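A.B. asks: Sharing a structure below in C-alpha cells format, with a few things to ask.
Since every read-out is calculated from the coordinates, none of them should be taken as a lab result. Everything quoted here is computed from the prediction, not taken from an experiment. Please note: Cβ atoms are built from the backbone with ideal geometry, for glycine as well, and neighbour counts cover all protein chains shown.
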Amino acid sequence: MLKEKTMRFRIRGVGRLEGLVQRVLLPIIPPFRPEVVILAYHRVFEASSDPQLLCVTPQHFAEHLEHLRRHYRIMSLCDLARALREGLLQKRAVVITFDDGYADNLLNAKPLLERYEAPATVFVATGYVGRGREFWWDELERLLLWTPQLPECLQVTLNGVAYEWHLDKYAQFPEKERISYRQWHVELPDDPTLRHWAYRELHRLLRSPEEEGREAVLAQLRAQSEDEGSGRADCRTMTPEEVRRLAEGGLVAVGAHTETHPVLATQPVQI
C-alpha cells in the first residue's frame with residue numbers, strides 16, 4: 001500500500017508558483033502517489049515593503065490558483081481529513097491555507113478563490129480580531145523602519161533586562177532613504193542600516209515573551225518615537241463582521257490561530 005504524506009509549505013510573497021512547483025511540488029507529488037501538500041499563505045496584497053515576506057500580490061495569487069486548478073486537485077482541509085480516514089486520498093492533492101487573519105484575506109484573496117472555485121482555510125489569531133491595531137511584527141516595522149525620527153540610543157526593558165541600540169546618524173531617517181530600502185527583507189544576510197539591525201534584533205527579542213511583555217516593549221518604542229499607535233489601515237486585521245463575511249458561502253473555512261500569536265516553539269510546556 002502506498003504511504004500517504006502531508007507536507008506544509010509557507011508561500012513567500014515573491015516569485016511565481018511555476019518555479020515553486022518545479023523545484024518543490026513536483027518532486028514530492030509524483031503523478032501516481034497519493035500525497036498532499038498544504039500551502040500556507042499569509043497575505044494577498046501589493047505591499048510597499050515586506051520585511052517578513054508575508055505578501056503575495058493579487059496578480060501572482062491569481063496565477064498560483066490558475067496553475068493549481070489546471071494541474072492539481074485543490075481540496076479543503078475537511079475533505080483532506082475525510083480522504084485520509086477513508087484511505088481515498090487522490091494523487092497531486094493540494095490544500096490552501098492562510099495564517100493570521102489580515103483583512104486582505106477577505107478583500108483580495110476570497111474573490112480570487114471564488115473565481116477559481118478553490119476552497120481554503122483561514123486560521124485567525126482571535127485576539128487581534130477587531131482590535132484596530134497591527135500585528136506586533138507590523139508595528140515593529142512601522143516604528144523602526146518607517147518612523148522619521150528616533151532617539152540616537154533606543155532603549156527598552158523586558159523582564160527587568162535593559163537593552164539598547166545605538167542608531168547614530170540613522171536616528172533620523174528621511175523619506176527618500178526609507179523608501180530606498182523598501183525591498184529589504186530578513187532573509188537577506190546584511191542589514192543596510194543600524195535601524196535594520198535594531199529591527200532584526202528586536203524582532204528576535206519579541207518572539208518569545210508573553211503578550212504583556214511584548215506590549216510593554218512596543219509601548220516603550222511608541223513613546224520614544226512619539227507614535228500614537230494607530231497603525232496602518234492596509235495592515236489591519238479583520239473585524240468580527242468581516243470574519244463572518246469570509247465564511248459566508250462555505251468556500252472558505254475559518255480556524256483558530258491562537259489568541260495572541262505567540263511563537264509556540266518558544267512557549268513552556270504545561271502539563
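A.B. asks: Can you give me the Cα centroid spacing of the stretch 150-200 and the stretch 43-77 in angstrom?
C.D. replies: So the two Cα centres are separated by 30 Å.
A.B. asks: Still on this structure, please answer the following. Which one, 97, 150, 239, projects farthest toward the positive side of the charge dipole computed for the chain from Cβ point charges (K/R +1, D/E -1)?
C.D. replies: Working it through, the farthest residue towards the positive pole turns out to be 97.
A.B. asks: Going toward the positive end of the dipole of the chain, with +1 on Lys and Arg Cβ and -1 on Asp and Glu Cβ, which of 171, 257, 74 do you reach last?
C.D. replies: Towards the positive end, the residue furthest out is 74.
A.B. asks: Report the FRET efficiency, 1/(1 + (r/R0)^6), for residue 107 and residue 78, where r is their Cβ-Cβ distance and R0 is 22 Å, rounded to 0.05.
C.D. replies: On the way: r = 24 Å, r/R0 = 1.11.
My answer for the efficiency is 0.35.
A.B. asks: Using only the alpha-carbon atoms of the chain, report the extent along each of the three principal axes, biggest first, to the nearest angstrom.
C.D. replies: Result for the chain: principal-axis Cα extents of 62, 43, 35 Å.
A.B. asks: A further question on this structure: What dipole magnitude, in Debye to the nearest 20, does the stretch 173-243 give about its Cα centre under +1 on Lys/Arg Cβ and -1 on Asp/Glu Cβ? Mind dumping the intermediate values first?
C.D. replies: On the way: 11 positive and 16 negative charges, 61 e Å.
Here the size comes out at about 300 debye.
A.B. asks: Now for a separate question. If we sort 85-91, 196-202 on the protection proxy, mean other Cβ atoms within 10 Å, highest first, what's the order? Mind showing how you got there, number by number?
C.D. replies: Numbers: 85-91: 12.1, 196-202: 19.0.
Descending packing order for the listed peptides: 196-202, 85-91.
A.B. asks: I need the Kirkwood Rh of the stretch 95-190: take the reciprocal of the average 1/r across all distinct C-alpha pairs and report it in angstrom.
C.D. replies: One decimal place: 16.8 Å for the Kirkwood radius.
A.B. asks: Also: Cα axis of helix 77-86 to longest principal axis of the chain: angle in degrees, 0 to 90, nearest 10?
C.D. replies: The answer is roughly 40 degrees.
A.B. asks: Next question, about the same structure. Of the listed peptides 225-233, 125-133, what is their order by residue-averaged count of other C-beta atoms within 10 Å, with the highest listed first?
C.D. replies: 125-133, 225-233
A.B. asks: Which value, in debye to the nearest 20, describes the size of the charge dipole of the stretch 136-225 about its Cα centre when Lys and Arg Cβ atoms bear +1, Asp and Glu Cβ atoms bear -1, and nothing else is charged?
C.D. replies: I would put it at about 220 debye.
A.B. asks: Can I ask one more? Provide, for q = 0.12, 0.17, 0.23, 0.25 Å⁻¹, the log10 of I(q)/I(0) from a solvent-free Debye sum over equal Cα point scatterers in the stretch 136-225.
C.D. replies: -0.33, -0.68, -1.24, -1.44
A.B. asks: Identify, among 267, 132, 198, the residue whose Cα sits farthest towards the positive end of the charge dipole of the stretch 123-271, taking +1 on the Cβ of Lys and Arg and -1 on the Cβ of Asp and Glu, with the dipole about the Cα centre.
C.D. replies: The residue sitting farthest along the positive end of the dipole is 132.
A.B. asks: Something else about it: Relative to the first principal axis of the alpha-carbon coordinates of the chain, what is the inclination of helix 136-145, with its axis defined by its Cα atoms, in degrees from 0 to 90 and to the nearest 10?
C.D. replies: Approximately 50 degrees, to the nearest ten.
A.B. asks: Output the 0 to 90 degree angle, nearest 10, between the alpha-carbon long axis of helix 211-225 and the longest principal axis computed from the alpha carbons of the chain.
C.D. replies: 50
A.B. asks: May I pose another question? Charges at C-beta only: +1 for Lys and Arg, -1 for Asp and Glu. How large is the resulting dipole of the chain about its Cα centre, in Debye rounded to 20?
C.D. replies: Details: 35 positive and 39 negative charges, 277 e Å.
That gives the chain a dipole magnitude of about 1340 debye.
A.B. asks: Using 10 Å bins from zero, what percent of all Cα-Cα pairs in the stretch 47-89 falls into each bin?
C.D. replies: That works out to 24, 29, 30, 15, 2, in percent per bin.
A.B. asks: Still on this structure: Using the basic label-point model (7 angstrom from Cα toward the beta carbon), what is the residue 187 to residue 163 distance in nanometres?
C.D. replies: 2.4
A.B. asks: Please find, in a Gaussian network model of the chain (springs between Cα atoms separated by less than 10 Å), the residue of 174, 189, 51 whose mean-square fluctuation is greatest.
C.D. replies: 189
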